[in-house]
Number of protein chains: 2
Amino acid sequence: MTGKQDAIFNATLELVSERGFHDAPTSLIAQEAGVGVGTIYRYFENKEDLIDELYKKLKLQLARAMLADYSADLPLRERFRRIWINTARYHIDHPLETAFIEQYANSPFLKPETANIHAEYSRPVFEFIENGVYEGVLKDLSPELFASLTLEVAISLTKKHREGAIVLDGDVLEQAVDACWDAIKR
Amino acid sequence: MTGKQDAIFNATLELVSERGFHDAPTSLIAQEAGVGVGTIYRYFENKEDLIDELYKKLKLQLARAMLADYSADLPLRERFRRIWINTARYHIDHPLETAFIEQYANSPFLKPETANIHAEYSRPVFEFIENGVYEGVLKDLSPELFASLTLEVAISLTKKHREGAIVLDGDVLEQAVDACWDAIKR
DNA sequence: CTATTCGGAGTGAACGCTCAGTCCGAGCGT
DNA sequence: ACGCTCGGACTGAGCGTTCACTCCGAATAG
């Protein structure tokens, strides 16, 4: 039974997202999770470890969501659209997870070995890029530049959506995918 | 004499950027700045106020840098290039400032009234967008979407540069400006 | 001399984490 | 079937430490 671990994860996600790492004391996390403080330390070495494990879990969840309906058989344009929309959708539908990831990724506590997790899950994304460049449909740019021109745009838009600066409805989403495609297509 | 206030700002910038908000105790900031702890509280109400004031100061600095050589007389394409390159340059040349801004902007401590500061300084950026849309050179998109498609890309690239994932030399910078232009031009 | 600025030991509050003790179900002897 | 023992998951009051912030005497300026 991992019910308690999950309860601790959920409480941590909620508290850290809404109040920040250092305003989410272990005592509160335990209370919110319905367990004793000591129980946290049966599942995690310390608070930093708890945060780090939660981060890895969410990053994996995100990677899965991005590639939810991916298939290498589809046309490049459609593969792109799906990955892009999936990415945006995840961030829109999971504000707590997004706030947590963003907060931890930008903090100096992020462990170097944790920072690179994403790479191994996102193989299909690189596959897509290589195909596109090889076929001459995409510009010959580095994968990192591709990511910044497309996925980072999606993330930045969802952040503005979350803050209320824009409304990301279907129309805007389509405008944005098209614009991102223009940025990378030859 | 504002020498002490500046010393406190500098020490805070350095410590918070490298160690994080909560691993930069006032005692250390005071030591690094060469002042007593109490002196900090002569210039700032509390630590949160100090951080917030520093954030505003850096945001203003950034806005000035972005528009350093801007002129409404230049062709749209050139205006765009300058703003984009200036933005990237600032973030590349000011890693501490960037780390601080990014960290604070993504934390839940950011005051709502502080979050909107940038808008008033970036009037010329909106001017550029309005002109471009009016002249039919740019797509008819919202200013926020423009920002995500261009400036956020610049910022995201410099972050990768700072982390060592890519090297942002002149060539890559030019590739990126061109790609961003393709994203927004009609 | 007076007014103003500064310094840093000291204070109370809050934190992460520990550990002695509780609780409960599985296993065993009768 | 039943009572007893044992082991480990779990608890939370308490420990040691650290922090933001205060306060008042010292230093400095006018």
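The values are calculated or read from the model by the stated rules, or taken from the named source; none is laboratory data. Here the structure is a predicted model, which means the values were calculated and not measured. Because the Cβ atoms are built from the backbone with ideal geometry, glycine has one as well, and the counts that use them run over all protein chains shown.
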When residues of region B:3-23 are filtered for being in contact (Cβ under 8 Å) with a residue 24 or more places away in the chain, within 16 Å of DNA strand C (Cβ to nearest atom) and within 13 Å of chain A (Cβ to nearest Cβ), how many remain? 2
Lone unmet requirement of (1) surrounded by fewer than 15 Cβ atoms within 10 Å (Cβ to Cβ); (2) more than 14 Å from chain B (Cβ to nearest Cβ) for A:TYR121: (1)
State all residues of region A:62-93 that are more than 21 Å from B:ALA105 (Cβ to Cβ) and within 14 Å of chain B (Cβ to nearest Cβ); if no residue qualifies, say none. A:PHE80, A:TRP84
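Every residue, every condition in (1) under 30 Å from A:LEU15 (Cβ atoms); (2) assigned to a helix (DSSP H, G or I); (3) within 10 Å of chain B (Cβ to nearest Cβ), yes or no:
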| position | (1), (2), (3) |
| --- | --- |
| A:ALA99 | yes, yes, yes |
| A:TYR104 | yes, yes, yes |
| A:VAL125 | no, yes, no |
| A:PHE128 | no, yes, no |
| A:VAL133 | no, yes, no |
| A:LEU145 | no, yes, yes |
| A:THR150 | no, yes, yes |
Taking A:ILE155, is it assigned to a helix (DSSP H, G or I), surrounded by fewer than 17 Cβ atoms within 10 Å (Cβ to Cβ), of a type in the set (Val, Ile, Thr) and modelled with pLDDT of 95 or more? no
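For the condition more than 21 Å from the chain's Cα centre (by Cα) and not in a helix (DSSP H, G or I), what is the one hit in A:GLU45, A:GLU32?
Just one listed residue meets the conditions, A:GLU45.
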Can you tell me which residues in region A:45-61 are touching a helix residue (DSSP H, G or I) at 6+ places or on another chain (Cβ under 7 Å), away from chain B (no Cβ under 14 Å) and within 10 Å of DNA strand C (Cβ to nearest atom)? A:LEU50
Lone unmet requirement of (1) part of a helix (DSSP H, G or I); (2) more than 8 Å from DNA strand C (Cβ to nearest atom); (3) out of contact with any His (no Cβ under 9 Å at 6 or more places or on another chain) for B:THR39: (2)
The number of residues in region B:5-60 that are surrounded by 14 or more Cβ atoms within 10 Å (Cβ to Cβ), hydroxyl-bearing (Ser, Thr, Tyr) and within 11 Å of DNA strand D (Cβ to nearest atom) is 4
Residue by residue through region B:161-186, note down the ones that are charged (D, E, K, R), more than 10 Å from every other protein chain (Cβ to nearest Cβ) and free of Cβ contacts under 8 Å to residues at least 40 places away in the same chain. B:ASP169, B:ASP171, B:GLU174
Answer residue from region A:62-76, given it is assigned to a helix (DSSP H, G or I) and touching a helix residue (DSSP H, G or I) at 6+ places or on another chain (Cβ under 7 Å) and is farthest from DNA strand D (Cβ to nearest atom) among those: A:LEU76
Taking the conditions exactly as written (closer than 25 Å to B:TYR104 by Cα and not polar (S, T, N, Q)), does A:LEU96 satisfy them or not? yes
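Assess whether A:LYS139 counts as being among the basic types (Lys, Arg), at the interface with another protein chain (Cβ under 8 Å from one of its Cβ atoms) and surrounded by fewer than 19 Cβ atoms within 10 Å (Cβ to Cβ).
yes
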